[in-house]
């Protein structure tokens, strides 16, 4: 980094005359006044943040009954969630064959933002009775502690004997051989608390899938259509707006002024 | 990508019985109802965005008189802006020696968000009379057009003869030799419209420096202190909150729910 070009000041350091000192004093006063003005600006910023948070909380509450209704409807569609996950490019990349089988028992997903949105969120995965584990709900939760550090916690999975999909050398999977380069299991994510501040899968589910899971579910329906299975109940997909709705969650606009991420990557 | 595990449906495609058809019909109805619910959620999201935009606009207006007052005070401090720029790690990296000299004539910086914040911003750079160019103001402006595509435009710089800092082979710079590996000039940025959607310098100035330029100006004052120039007018920096204030612009909170960027990089 280059040094500050405050030539006039540093040059005169050993022979200050009265005029220099007066100028220094005036500058110092100006700096203190700027600091006061800055404090006022900071207060306004805090107030703005609080108001925006209240708007977000209000709409989170308003959205709840619709999310509930959506969950009830999704419950009528077998394999809705596993299909949505398989059709999401990033999530799909995290699923091996065994994961997909186990996720056929995933009956309900819930994303909960904590009351103080800044402090985190939780994702609940409800499972029907299944051969893999005895939990009927798995949850992973992300939050910031009082010092602002991110952390996560999750439900320990109670695997049935020989069914632990997170163990690569799993031999109990009757009739199924896992290839040597088999990828890590989706379910390993529950035990991975290494990057709670930027948990990729958590954020994809919260920000991309949860705002509009139907578009990902339908992506497969359309694939099946064009695959020519003769069932054209669903060929009127013109009914469904598929224009990147996942991007349209309520906070999108607010990002326009807050795109610090790019910069921090350079720093 | 794995295929959708909708086994029950595709298996039965050639021997639908009445029960199958009834189940298909119910699922199709559920999908249509989910789509309706989704439309309601989308409407709520749009309303939330509008309300958040209004809050941001309100606070932008409330901040204006403080920004004006801050500009007036900054005008009393010689070399304020060049010092702040030189002390900002990312901006500093864009400045060569000639840029730093020219920027000593930069008397005022203004960041203006357009009324519809989504549509863009402008940065105005006011210059005292200087040997480099005849403009008293250079501006660069970023906006989204109606189709949402980003673009930028800027003031053509009226360089004095032989003073064009954007020309690497500039020979008119009396007594100064530019080394062969001399970096591109800061002023080239005005003519660079290649990445208007994510203009790095524009966003650093708008989101990082503009919210609190004093912290960057002071970074150099403190450096000079510890450099031992014997002038300790400013050793009481305890007066100034330097805890990353640049991050505290009003929209920070709103980002918590909208961190799609990371995901898109993977997609």
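Per-structure values
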{"quantity": "Percent of C-alpha pairs per 5 Å bin, the stretch A:27-69, short to long", "calculated": "6, 19, 12, 13, 10, 8, 9, 6, 6, 4, 3, 2, 0"}
{"quantity": "Shielding by partners, peptide A:25-33 (average Cβ within 10 angstrom, other chains)", "calculated": "5"}
{"quantity": "Distance between the stretch A:75-152 and the stretch B:28-87 - C-alpha centres, whole angstrom", "calculated": "31 Å"}
{"quantity": "Copy-to-copy label separations for residue A:153, where each label sits 7 Å from Cα toward Cβ, in nm and ascending", "calculated": "5.7"}
{"quantity": "Per-copy distances of the residue A:93 label point, shortest first, in nm (7 angstrom along Cα→Cβ)", "calculated": "2.5"}
{"quantity": "Length-normalised contact order for the stretch B:20-170 - Cα pairs under 8 Å, 6+ apart - percent", "calculated": "13 percent"}
{"quantity": "Relative exposure of A:49, A:151, judged by other C-beta atoms within 10 Å (fewest first)", "calculated": "A:151, A:49"}
{"quantity": "Order by protection proxy (mean Cβ within 10 Å, highest first), peptides A:18-25, A:195-202", "calculated": "A:195-202, A:18-25"}
{"quantity": "Label spacing, shortest first and in nm, from residue A:75 to its equivalents in the remaining copies (7 angstrom along Cα→Cβ)", "calculated": "6.7"}
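We did not get these values from a lab; they are worked out from the coordinates using the rules stated. Bear in mind that the values here come from a model prediction, so they are computed numbers and not experimental data. Here Cβ is always computed from backbone atoms with ideal geometry, including for glycine, and neighbour counts include all displayed protein chains.
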